[in-house]
Amino acid sequence: MQPDKAVITTTCKSCHGGCGVLATVENGKITHIEGNPDSSTRGTMCAKGLASFQEVYNPNRILYPMKRKGDRGEGKWERISWEEALETVAGKIKGSIKKYGAGSVAICQGTGRGYNRYTFRFARSIGTPNIGVPADFCYGPRLAVFGTTVGGRLYCDYHGWGGEYPKTQISWGKQLEITNADGEMAVWFLNSLDKAEHLILIDPRATRLAGRADLWLQVRPGTDAALALGMLNVIINEGLYDRDFVQNWTYGFEKLRERVQEYPPAKVAEITWIPADKIIKAARILATEKPGCIQIGESLEAGNNSIQTLRAIVCLMAVTGNIERPGSMINWVPPDTGPLEEFAMEVPAPEEPAIGADQFKLLSSPPMAMAHMHTIFKQLREGASQIRVMHLQGTNPLVAYPNTKEVKEGLLNAEFLSAADLYMSPTVEYADIVLPAAHWLESDDIHDMHPRFIIGAIHKVVDPPGEAWPDNKIYNELGKRLAPEYWFDNVEEMLNYQLRKANITWKEFTGMGFLAKMGKEQPYYKYKTDYWQKGGGFATNTGKVELYSTVMEKLGYDPLPYYLEPNESPYSTPELAKEYPFILSTGGRSPYYFHSQYRQVPWLRERQPYPIVQIHPETAGSLGIKNGDWVWIETPRGKIKQVAEVFAGIDPGVVVAQASWWYPEDPGPDHGIWKSSANVLTRNDPPFDPAMGSATFRALLCKIYKVEDE
Amino acid sequence: MNRTIFIDKDKCVGCYSCIVACKLEHSLPPEPVKPPLGNPTGPNLIRVYQVGPQIHDDEVHQYFLPIPCLHCLDAPCIKACPRSALYKDNDTGITLIDEDKCIGCKFCLWVCPYGAPQFYDGRMYLCDLCIHRIGEERQKGRQTACEAACPARAIHVGTTAEISALIGEKAAERAGKEKSI
Ligand code: SF4
Ligand code: SF4
């Protein structure tokens, strides 16, 4: 008898995701996965996505809803029914709303995972403004800056649909080639790179593309705004800007011209540690070798000046005319469904402001208003928080948020914690109710992580283990109990609803695999048409790309980009630098992990069992540190150890540690976070970014020394 | 019809997808266990090495080199094996291992210039160029699991004639370019 065998088309979301996948199922079990050659990602997949295979049948998965039996964190659990779990969570939420108001409930998720729109819809439907996401230091600043400056998100045009590929490419604080697809995919980027003439790498380290780049700007962590302003200075003063675009389609050029006079290359060289001639060269290449685009990394957002850093970079794109022309940066027309985030937006936002809204006005600006998590944890710690109940859907704050010690004190002060996850993470260990979540290979959903030209069908390949449920089902079932008018009979109806504008049903969509506007269907130069404004223009207040931001002005922030020295640095805190002489970035990433995920996946963990801190050979030598030694990294907040990689591609004064480590194999509840998680070191104190509230992860001060007892 | 693999080291970015794609294709250890192992190990039929960065005169020298079995024409491993456990597939020239004959003496590993033979848990494992996938059209000309997964197009598998044509075309293209990145 032939085994019952089928190949199912789906979409990966092991990172922010989007790769097309073919999954083979035999007799109800997945036997193989690989990339789908008929998808936009052409059959390629990354290590994390492929290793998903070991997540579906991973014996460490959470299988059933559970309630806490002993003390918080004691690790004693009792299996309960979904009914009891949902009733408990909904009851706690309801009770808290009744007693303390809707704002006493925080709905939290981690990195964007394609269920953001459910998180936001759920929060809005129950009336709380307090959506707790790591937005201030991850993607939120890009969203806010693109929105206010250009009127919509910009993506690199790697596709050649307009007849041109980027001639100049900049990779800025980003390693799209190995991690963190924020809308663009590695395979698109690498394919377009084969057609580019210039690659400029901006990073404190010689990352993977350093050998291929024609220019590597080794920037001091946290000084990227100065670099962008210095490049603007060169481009404007040398008259290399795109006169037509600047004159007709930007607002505030003369004011920007004035501002950038404060950033001559010689001064910027001092700030950034990049030789002036390289800054000038990079500026000239970007301005004259067109079209060009910039791949912007999250690193630029994780500091005290995130918004103005990104504003300066978007200004660079604008004055060089690298917006909306083929091969530059484009605001994609979405597929016929329209932007799926409308699913969240259509629920009226609560009147009540989010926590932190009084201070960080861009973070809490509509349409995607979010709460300031660092303030929430602080208030909780001080026992004075408005927040009583926290629902955590796929988030691991004990690893992800800065200053672990204080985050933990805060989290434990919440009256009630519910957590949905695949594994017992350090955070889930402290929950009162645990909900088992399904993997993407076990879920039906629509992939739309970053609203762009394509959405994909995430098609359930096998049943989840035990009683695990997909994220969308968990939200729908909780939603039905709390705000039934906004929720659906079942997940399929909810998916049909989201697809309605394209006149297709979920069933039809799974047969299609994806829905996109590609090739000739994707128009360029939309500002010259009625697309955003009748008679042409961008979707901003002035109809222009706002070099001078009217939104920032109205909110009381500097309308022009500027540079701000990091909170901690040899220049801003010279006294501290005596004790902590090295600049520390905790932005290290590897191709095997996505934030705090996957340490329990053997094919990935085998590749890299322990976190790595990169140290320059001279520095390592002077401290007696050899490649492979365990090294203490210490800041005023605490100390951790990671394994030294003696690495020539870094400044002797800078060390880069890897983020988001925990050890699933170590005993709970904390699973080794104190040993190696870089957020034990990071800083949750003000000053934050004034508009976004971003905390500092990338430009801190530390000392390092060899671990002697191992 | 000799099959061969071509590694374009100028293209590899060290994402290590190929390694995991290979593990999946060949169902290689380690398997998930509970509680997870902090330091799991298993065989790797393709390995990727990072060379550099070294910085000379302000130029960064760095590349990544994936190394599978290269299926040598005159394979030293086959000659070295005392039990004739290694042999060539007639049709493709792929070096294969007959597990029943292998006694695990590791002579093949000593003589292989690339460290390709993998020993794990009493067994020898070797890249087989995904011989079972030959003739399948599932990846539109990308034959092996590693070739299919690679986002950088750094791995190409085909007959020697196909690979020769590919490298020739690349050289011709490059001749027109000042600097290839
Ligand atoms: S194992 Fe080594 S020696 Fe044998 S064919 Fe492969 S590369 Fe050549
Ligand atoms: S998949 Fe390709 S780019 Fe990635 S490591 Fe392997 S050969 Fe290199």
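The values are calculated or read from the model by the stated rules, or taken from the named source; none is laboratory data. Here the structure is a predicted model, which means the values were calculated and not measured. Cβ placement follows ideal geometry from the backbone for every residue including glycine, while neighbour counts extend to all protein chains displayed.
Values for this structure:
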{"read-out": "Options B:D121, B:D58, B:D98, B:D89: the member that is away from ligand 2 (no atom under 16 Å from the Cβ), acidic (D, E), more than 28 Å from A:P591 (Cα to Cα) and loosely packed, with under 15 Cβ neighbours inside 10 Å", "value": "B:D98"}
{"read-out": "B:D8 vs. criteria loosely packed, with under 15 Cβ neighbours inside 10 Å and of a type in the set (D, E, K, R)", "value": "no"}
{"read-out": "Residues of region B:124-144 that turn out to be at pLDDT 95 or above and within 16 Å of ligand 2 (Cβ to nearest atom), as a count", "value": "4"}
{"read-out": "Hey, A:S585 outside the structural domain of A:P291 (by TED's automatic domain parsing) and either surrounded by fewer than 21 Cβ atoms within 10 Å (Cβ to Cβ) or assigned to a helix (DSSP H, G or I) (or both) or not", "value": "no"}
{"read-out": "Some residue of region B:95-108 being within 16 Å of ligand 1 (Cβ to nearest atom) and aliphatic (A, V, I, L, M)", "value": "yes"}
{"read-out": "Qualifying residue in region B:12-29 (condition: surrounded by 20 or more Cβ atoms within 10 Å (Cβ to Cβ), outside any loop (DSSP other than H, G, I, E, B) and free of Cβ contacts under 8 Å to residues at least 12 places away in the same chain)", "value": "no"}
{"read-out": "In region B:63-72, residue farthest from B:V157 (Cα to Cα) [restricted to those that are within 16 Å of ligand 2 (Cβ to nearest atom) and surrounded by 21 or more Cβ atoms within 10 Å (Cβ to Cβ)]", "value": "B:F64"}
{"read-out": "Subset of region B:66-94 (residues that are within 8 Å of ligand 1 (Cβ to nearest atom), without any contact (Cβ under 8 Å) to a residue 60 or more places away in the chain and part of a loop (DSSP other than H, G, I, E, B))", "value": "B:C72, B:A75"}
{"read-out": "A:F343 vs. criteria among the aromatic types (F, W, Y), modelled with pLDDT of 95 or more and farther than 17 Å from A:F122 by Cα", "value": "no"}
{"read-out": "Residues of region A:587-606 satisfying the condition of being in contact with a Pro (Cβ under 8 Å, 6 or more places away or on another chain) and not small (G, A, S)", "value": "A:R599, A:Q600, A:V601, A:P602, A:W603, A:R605, A:E606"}
{"read-out": "Any hit, region A:420-433, residues being modelled with pLDDT of 95 or more, among the polar types (S, T, N, Q) and within 30 Å of A:K507 (Cα to Cα)", "value": "no"}
{"read-out": "Region B:23-74, residues that are in contact with a Phe, Trp or Tyr (Cβ under 9 Å, 6 or more places away or on another chain), among the aliphatic types (A, V, I, L, M) and more than 7 Å from every other protein chain (Cβ to nearest Cβ)", "value": "B:L28, B:L45, B:V48, B:V51, B:L65, B:I67, B:L70"}
{"read-out": "Hey, A:W172 under 29 Å from A:A648 (Cβ atoms), more than 9 Å from every other protein chain (Cβ to nearest Cβ) and among the aromatic types (F, W, Y) or not", "value": "yes"}
{"read-out": "Residue within region A:205-223 that is hydrophobic (A, V, I, L, M, F, W, C) and more than 14 Å from chain B (Cβ to nearest Cβ) present", "value": "yes"}
{"read-out": "Breaking point among (1) more than 16 Å from ligand 1 (Cβ to nearest atom); (2) in a loop (DSSP other than H, G, I, E, B), for B:G52", "value": "(2)"}
{"read-out": "Test for A:P451: is it part of a strand (DSSP E or B) and either in contact with a strand residue (DSSP E or B) (Cβ under 8 Å, 6 or more places away or on another chain) or touching a residue at least 60 places away in the same chain (Cβ under 8 Å) (or both)", "value": "no"}
{"read-out": "Subset of region A:116-172 (residues that are part of a strand (DSSP E or B) and among the hydroxyl-bearing types (S, T, Y))", "value": "A:Y155, A:T168, A:S171"}
{"read-out": "Set A:A283, A:A287, A:A312, A:A371: member being surrounded by 19 or more Cβ atoms within 10 Å (Cβ to Cβ) and within 21 Å of A:G163 (Cα to Cα)", "value": "A:A287"}
{"read-out": "Helices (runs of 4 or more DSSP H) wholly inside region A:266-360 that include at least 3 residues being within 17 Å of A:Q218 (Cβ to Cβ) and touching a residue at least 12 places away in the same chain (Cβ under 8 Å)", "value": "A:276-288"}
{"read-out": "Answer from B:I7, B:I103, B:I97 - the residue that is away from chain A (no Cβ under 14 Å), out of contact with any Phe, Trp or Tyr (no Cβ under 7 Å at 6 or more places or on another chain) and within 30 Å of A:Q218 (Cβ to Cβ)", "value": "B:I7"}
{"read-out": "Qualifying position, being outside any strand (DSSP E or B) and in contact with a Pro (Cβ under 8 Å, 6 or more places away or on another chain), among A:W674, A:W662", "value": "A:W662"}
{"read-out": "Selection status of B:Y120, within 16 Å of ligand 1 (Cβ to nearest atom), under 16 Å from the mean Cα position of the chain (by Cα), aromatic (F, W, Y) and over 21 Å from A:I33 (Cα atoms)", "value": "no"}
{"read-out": "Region B:131-150, residues that are within 16 Å of ligand 1 (Cβ to nearest atom) and either surrounded by 22 or more Cβ atoms within 10 Å (Cβ to Cβ) or at the interface with chain A (Cβ under 9 Å from one of its Cβ atoms) (or both)", "value": "B:T144, B:C146"}
{"read-out": "From A:Y592, A:Y580, A:Y571, A:Y557, residue being of a type in the set (F, W, Y) and without any contact (Cβ under 8 Å) to a residue 24 or more places away in the chain", "value": "A:Y571"}
{"read-out": "Single unsatisfied condition, B:V33 versus (1) assigned to a strand (DSSP E or B); (2) of a type outside the set (S, T, N, Q); (3) more than 16 Å from ligand 1 (Cβ to nearest atom)", "value": "(1)"}
{"read-out": "The lone exception for A:E26 - which of (1) at pLDDT 95 or above; (2) within 14 Å of chain B (Cβ to nearest Cβ); (3) over 26 Å from A:N413 (Cα atoms); (4) under 29 Å from the mean Cα position of the chain (by Cα) it fails", "value": "(4)"}
{"read-out": "Test: residue in region B:154-176 that is assigned to a loop (DSSP other than H, G, I, E, B) and either within 14 Å of ligand 1 (Cβ to nearest atom) or closer than 26 Å to A:C19 by Cα (or both)", "value": "yes"}
